[in-house]
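The values are calculated or read from the model by the stated rules, or taken from the named source; none is laboratory data. All values reported here derive from a predicted model rather than from experimental measurement. All Cβ positions, glycine included, derive from the backbone under ideal geometry; neighbour counts span all protein chains shown. For the accessible areas, the whole protein counts, side chains as well, though only heavy atoms, and no ligand, DNA or RNA atoms are used. Shrake-Rupley method; radii C 1.70, N 1.55, O 1.52, S 1.80 Å.
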Amino acid sequence: MLEKTKGIVLNNTNFRDNSVISHIYTEKFGRQSYILHGVRNQKGVVRPSHIMPLNLLDIVVYHKSSSQIQQIKELRCDPILQSVHFNVYKNSIALFVAEVLSAVLREEETNPQMFQFLTHFIHILDLEEGRVANYPSYFLIQLSRYLGFYPKGNFTENSIFNLVEGVFMEEAVAGDMCLSTSESALWWQIMNSNIDTWSETVVKPEIRSTLLAHLLSYFEIHGLHGHKIKSHLVLKEVLR
C-alpha cells in the first residue's frame, strides 16, 4: 500500500554494490528500514546527500506491516538543511543526536509529539548562528520527556539528583549514582530553560563535558537498551 509520511534519517548501511539500507524515523510508522537502490551510482535518483543523518524527508513508501525492510517510491528533503552538514560543530552534534536516536528509538513505535520535538530541534540547530555547544545537553534532557524518564521532583538548595531513581532528593541512597548539589542545580537549570536561553548560558568546557557524561549515564540506566554512545568523545574535542 502506498503511504506518504515525513521522516528523519538516522543512519545508513551499505548493501551490495550500489544499494543502501536507510534507517529512518517516520512520523506515521515509527522507525523503519528502507532499501534504496543505486544510491552510489552516479545516475541514481537518490543521492548520498539525500540520506545524511538528521535530514528531514518527505517520502512516499510501499508499506507492508509484515516486512522488515520497506521500499521507497519517492523521496525529497524538506526542508533542505543549510548548515548542519557543513559546519563542523553542528555536524558533530548531528552525528551525536543520530547515534542516540538510533539507540533509543524502537521499531514501529510512533510518537507524534516526539517527532515534532525532533523536527523542531533540527530546524533550530540548522538556523542557529550563535553558540551550539550547549545543544547536546538540552537535547538529552528534553528527549527523556518523550521517552518516559524525564527527571522527577524539584530542586531545592541542598538537593541532589539520583540518576538511578531519576528524582531530585535531599540525601543520597546507598549504592545509587548521584550528582553533586552544584551539578544538580545545573541539571535543574537546563530543565527550566528554553533552547535560546540555555544555548547562551556560559558553561566551562570541563563542566559541560562532565554534565554530558552524567546525562549519558542517565540514558544508559533508563533508555539506551545496552547501547554505548561513542560520538560524545568527538563532541568533547570539538566543542571546547
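Think of each Lys and Arg Cβ as +1 and each Asp and Glu Cβ as -1; about the Cα centre, that makes the dipole of region 109-160 roughly 180 debye. Entry note: region 1-122 has Rg to Rh equal to 0.94, where both radii use alpha-carbon atoms and Rh is the Kirkwood radius.
What does the accessible area per residue of region 1-100 come to in Å², with a 1.4 Å probe and no ligands, DNA or RNA counted?
Working: 5240 Å² over 100 residues.
Here the per-residue accessible area is 52 Å².
Hey, got the dipole for region 125-230? About the Cα centre, +1 on K and R Cβ, -1 on D and E Cβ, debye to the nearest 20? Before the final figure, lay out the partial values.
On the way: 7 positive and 13 negative charges, 60 e Å.
The dipole of region 125-230 has a size of about 300 debye.
At most 16 other Cβ atoms within 10 Å and a DSSP loop assignment: could you name the trypsin sites (Lys or Arg not before Pro) in region 90-165 that fit? Present the calculation step by step, with values, prior to reporting the outcome.
Values: sites: K90, R106, R131, R145, K152; in loops: R106, R131.
Listed in order of number, the matching sites are R106, R131.
Inter-label distance, A172 to Q82: 4.8 nm, where each label sits 7 Å from its Cα along the C-beta direction.
Given contacts defined as C-alpha pairs under 8 Å and at least six residues apart, what's the relative contact order of the chain, whole-number percent?
For the chain, the relative contact order is 16 percent.
What does the charge add up to near T201, with Lys and Arg as +1, Asp and Glu as -1, over the other residues with Cβ less than 12 Å from its Cβ? List each step's numbers first, then the result.
Working: positive: R131, K204, R208; negative: D196, E200.
Neighbour charge sum, excluding T201 itself: +1.
Each Lys and Arg adds +1 at its Cβ and each Asp and Glu adds -1 at its Cβ; summed about the Cα centre, the chain shows a dipole of about 1060 debye. Its relative contact order, with pairs defined as Cα atoms under 8 Å and 6+ residues apart, puts region 76-141 at 47 percent.
Can you work out D for region 55-190 in µm² s⁻¹ from Stokes-Einstein, where Rh is the Kirkwood radius over C-alpha pairs, the temperature is 4 °C and the viscosity is 1.567 mPa s?
Values: Rh = 17.6 Å.
D = 74 µm²/s.
Keeping to pairs on different chains or 8 or more places apart, tell me how many lysine pairs in the chain have Cα atoms under 22 Å apart. Step by step, the pairs that qualify in the chain add up to 17. The residue list H63, T210, V173 was ranked by how far each Cα lies along the charge dipole of the chain toward its positive end, using unit charges on Cβ atoms, and H63 comes out on top.
With N counted as the residues of the chain, its alpha-carbon radius of gyration over 2.2 N^0.38 Å works out to 1.08.
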